[in-house]
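Here the structure comes first, spelled out in structure tokens, and everything after it is commentary.
The values are calculated or read from the model by the stated rules, or taken from the named source; none is laboratory data. As the structure is a computational prediction, the values presented were derived from the model and not from experiment. Positions of Cβ are generated from backbone atoms using ideal geometry, with glycine treated the same way; all protein chains shown enter the neighbour counts. What goes into the accessible areas is simple: the full protein's heavy atoms, side chains included, and nothing from ligands, DNA or RNA. Shrake-Rupley method; radii C 1.70, N 1.55, O 1.52, S 1.80 Å.
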Amino acid sequence: MSRLIDASTRLLIQGITGREARMVTRHILAYGTTVVSGVTPGRCGQDVEGIPVFDTISHAVQDTSPTASLVSVPPAATLDAVAEAIAGDIPLIVIATEGIPQHDVLRMIELADEAGTIIIGPNSVGVIRPGDNVKIGAIGGEHPERAFIPGKIGVISRSGGMTAEIGLTLRLAGHGVSTAISVGGDALIGSTPATLLAGFQNDPETDAVVLFGEPGTRFEEDVAHRIAAAEFTKPLIALIAGGFTEKLPEGTAFGHAAAIIEGDSGRPSRKRKSLQDAGALVANSLDEISGLLDTALTSSPER
Amino acid sequence: MARILEHHAKQIFAQVGIPIPEGYPAISSDQAASIAEGIDSPVVVKALVPVGKRGEAGAVQFAEDSRGAAIAASDLIGRYIGAYMIDTVLVEERIEIEAELYLSIIIDRDERKPRIVISARGGVSIEDVAQNEPDAIITDTISMSRGLPEYRARELWKCAGVTGPVMPALGQITHRLWNLFIQHDLRLIEINPLFRTPSNTIIAGDAVLSVDDSAIFRHPDLERITVPGSDRAWRPMTELEADAQRVHELDPYRGSVRYLELEGGNIGFLCGGGGASLLLYDHLVDAGGKPANYAEIGGNPTEQKVAGMTRVVLSKPGVEGLFVAHNITNNTQTDVIARGVVTGIRHAGRDPSSLPVIAREAGLHDDEARKIFEEAGISYFGEETTLAEAARHMVAAMTGGGSR
């Protein structure tokens, strides 16, 4: 799959009758995205912004053939909602909910892996493809065009807010975005940046990728491995925040398990170094991104 | 992740049949002596504090009798281990040891699965073993749906080089540990050392449990025994941090906040969201600024919450300026942030027109935000100013260099 979403995307929204979800639904529709149905158990027959609400995914799938689901339900209900979407064979699930019990996330990831479903999030602000006016989630808010204009740069960000700020930086520098993905702010997420690189590698409309990283996990190190292994060959510009956290007083770790399995990966300085060693361009601030992109795109054979 | 102290964790072990040494908590040397008297064997006296590597810190002492236990307890109680004062010790039967094993289950966030880690070479130097002899560490991921049956546990122990009459007990204990991991929504469960005695019984020498904060709502029993704020491992929660938490809990469902008090510094830091605040802090330090705290506020917070957090940030002694900056927002209303900041500055007894304040707010309702900041005499910057530039403006404002 080279693109997560495009003009053919048919979106279902789980928890569509919630206060936040209603607002997000309005913004998604205003942007031009096709929303086919919503699901809130017990609310069948109602509508939100003209979108029919169903009690069950199975009924919504039968009547409206969605290709993606946005999950916006409370944390305690998210595992069940995601399991229902997976059972309904919806191939892409974007989870906006924050603060889901970690064991529930482990279970939904296991279910998704077995079914071949792609999960973005939890705690994702969404995915946007400006060229097709498609967005799933709150990404870009009511005025996505302020941050995201169509173009050829892919964005992968561990921070939802920084997804928008990177879009804005690109726009002000005269670049646009092919697809921008907020992978979710948690350490435990369905699709890691490294696994999402393949889509950008295969997308002819993406010339380069900007990655925003944070302390913790091996996500950025895994991206570096993909670049070093030539599985991703387009220019990649990375910005890794949180260098200051390495200078905070070292907390005594509780137990040894984390140190045994993670070692000292997770430090921003290590992430920067592995990315640099692999051939990625590492920026110190957003201000450098446009210059790095211009250099990379004029010298890149991939162009 | 909230931590559970050893004596509580061991009670949880005992309830499911994981053997533990006989022991009880004591808050005085007299009490320690009478516990040791009752146990009637040499004892170990351990500080009950939520930090690791207690042995190396001298927080675990050995005593031959009740008098020795009293001396150890009076030495420990009142002392600090890291930033935690010892107020309670665990007085425990000393186990005769043939071997020390290691056993833990943790969430592996990169593999996105639970992971079991075991070794026949447990004890205080397990991290060195992992570093220098990685083959002595046996590890595997576990399926949430299939779990960890006893036979699989025995296979893993066999790989670790453990054999003999302890095999059935090890299989059982490991399986029970998995059940606890699932039943209590744990992020980490660890036994180090796991003792093997000369008579081939297996006993948990320590018990480390860490609970998932986001699952605590379905474990009210655990909430009572966790140490609040212990995820900030190097010290207990400060008064200002507790204040910030109260501000958040007034309306916990609107917006997210984090406040971390730091030593020294003169710039009050109130930024967001999660990623941008990390970047903004880096930029502030790069520009030569000295933040007095790290605070993050986002997710469309209420005006009251922003005002409360602003007051908390400005309450720290030595704070002589305020940096308010966010990434261009998706749905966070920047006018609400602006109102909250101005109100919070006044609540803190400061004058927004004389306090050095830099605001960089772009996104929803930023025309209105600009008006509110500027009417209060605050230097406002919008989307045309980058995050790094805003940080430089802040540092310039602190040195009286002006910001425009």
Place the peptides A:19-25, A:222-228, A:34-40 in order of packing, highest mean first, counting for every residue the other Cβ atoms within 10 Å and averaging per peptide.
A:34-40, A:222-228, A:19-25
What Rg and what Dmax come out for region B:343-404 when only alpha-carbon atoms are used, in angstroms?
11.6, 32
Using only atoms on other chains, find how many Cβ atoms lie within 10 Å of each Cβ of peptide B:244-252 and report the average.
0
Just round it to a whole percent: the fraction of Cα-Cα distances in the protein assembly as shown exceeding 32 Å.
56
What's the ranking of A:57-63, B:53-59 by average number of surrounding C-beta atoms within 10 Å, highest first?
A:57-63, B:53-59
Per-residue mean of C-beta atoms belonging to partner chains within 10 Å, peptide B:84-90
0
Candidate aspartates and glutamates - alpha carbon under 18 Å from B:Lys10, same-chain residues fewer than 8 apart omitted
B:Glu22, B:Glu92, B:Glu93, B:Glu100, B:Asp185, B:Glu190, B:Asp206, B:Asp221, B:Glu223
With +1 on the Cβ of every Lys and Arg and -1 on the Cβ of every Asp and Glu, the dipole magnitude of chain B about its Cα centre, in debye rounded to the nearest 20, is 440
Interatomic Cα distance distribution for region A:48-91, bins of 5 angstrom, percent:
5, 21, 32, 26, 13, 3
Would you mind checking the radius of gyration and Dmax of region B:297-404 based on alpha-carbon positions, in Å?
12.6, 34
Please sort B:176-185, A:235-244 by packing, taking for each peptide the average over its residues of neighbouring beta carbons within 10 angstrom, highest first.
A:235-244, B:176-185
Calculate log10 I(q)/I(0) of region B:196-317 for q = 0.14, 0.18, 0.20 Å⁻¹, where I(q) comes from the Debye formula with a single equal point scatterer on each Cα and nothing for solvent.
-0.70, -1.04, -1.21
Which net charge results when you count Lys and Arg as +1 and Asp and Glu as -1 among the other residues whose beta-carbon is under 15 Å from that of B:His8?
-3
Over the Cα atoms of region B:291-330, Rg to Rh with Kirkwood Rh, two decimal places?
0.97
Check each of the chymotrypsin sites (Phe, Trp or Tyr not before Pro) in region B:238-286 and keep only those in coil by DSSP with at most 15 other C-beta atoms within 10 angstrom; list them in order.
B:Tyr253
Computed P(r) (all Cα pairs; region B:97-236; 10 Å bins; percent)
11, 40, 34, 14, 1
Semi-axes (Å, rounded, descending) of the ellipsoid equivalent to chain B per its C-alpha gyration tensor are 50, 24, 18
Over chain B, with a Gaussian network built from C-alpha contacts below 10 Å, which listed residue (B:Leu250, B:Leu194, B:Leu48) shows the highest mean-square fluctuation?
B:Leu250
Take the alpha carbon gyration tensor of region B:9-65, find the square roots of its eigenvalues, order them as a ≥ b ≥ c, and report rounded if a/c is under 1.5; if not, report prolate when a/b exceeds b/c, else oblate.
oblate
Please determine, in degrees from 0 to 90 and to the nearest 10, the orientation of helix B:387-398 with respect to the longest principal axis defined by the Cα atoms of chain B, where the helix direction is its Cα long axis.
70
Quick check on chain B: helices-only [θ] at 222 nm, where DSSP H runs of length 4 and up contribute -39,500 (n - 2.57) each and the sum goes over total residues. Nearest 500, please.
-10500 deg cm²/dmol
Accessible area of region B:114-221 divided out per residue, in Å², using a probe of 1.4 angstrom
40
Looking only at Cα atoms, what is the convex hull volume of region B:259-306 per residue, in Å³?
71
Tilt, helix A:102-115 to longest principal axis of chain A (alpha-carbon atoms), in degrees rounded to tens, equals 80
Over both sides of the B-A contact, add up the buried accessible area with a 1.4 Å probe and give it to the nearest 100 Å².
5700
Share of alpha-carbon pairs per 5 Å distance bin for region B:250-348, given as whole %
3, 15, 26, 26, 19, 9, 2, 0
In square angstrom, what is the accessible area per residue of chain A with a 1.4 angstrom probe?
35
For A:Ala280, what charge total do you get from the other residues with a beta carbon under 11 Å from its beta carbon, if Lys and Arg give +1 and Asp and Glu give -1?
+3
Positive minus negative residues near B:Lys46 (Lys, Arg vs Asp, Glu; Cβ under 14 Å)
-3
Percent antiparallel among DSSP beta bridges confined to chain B, nearest 5, equals 80
HN-Hα J in Hz across region A:209-219 - Karplus 6.51, -1.76, 1.60, θ = phi - 60°, x for Gly and Pro:
10, 9, 10, 10, x, 9, x, x, 6, 10, 3
Using a 1.4 Å probe over the heavy atoms of the protein chains, calculate the carbon and sulfur portion of the accessible area of chain B as a whole percent.
48
Would you work out if region B:1-109 is rounded, prolate or oblate? Take a ≥ b ≥ c from the square roots of the eigenvalues of the alpha-carbon gyration tensor; rounded if a/c is under 1.5, else prolate when a/b is larger than b/c, oblate otherwise.
oblate
What are the extents of the Cα atoms of region B:123-171 along their three principal axes, in Å, largest first?
32, 29, 17
So, for the Cα atoms of chain A, Rg and Dmax in Å stand at 19.2, 57
Please name the residues of region B:282-321 whose accessible area, counted over protein heavy atoms with a 1.4 angstrom probe, falls by no less than 50 Å² between the chain alone and the full protein assembly.
B:Asp282
From the cross-link list A:Lys271/B:Lys46; A:Lys152/A:Lys271; B:Lys290/B:Lys371; A:Lys247/B:Lys53, which pairs have alpha carbons spaced over 30 Å apart?
A:Lys271/B:Lys46
Is the shape of region A:91-245 best called rounded, prolate or oblate, per the rule: a/c under 1.5 gives rounded, else a/b larger than b/c gives prolate, else oblate, with a ≥ b ≥ c the square roots of the Cα gyration tensor eigenvalues?
rounded
Inside 10 Å of the C-beta atoms of A:135-148, what's the mean count of C-beta atoms belonging to other chains?
3
Distance in nm between pseudo-label sites at B:Arg94 and A:Ala229 (7 Å out along the Cβ direction from Cα):
5.2
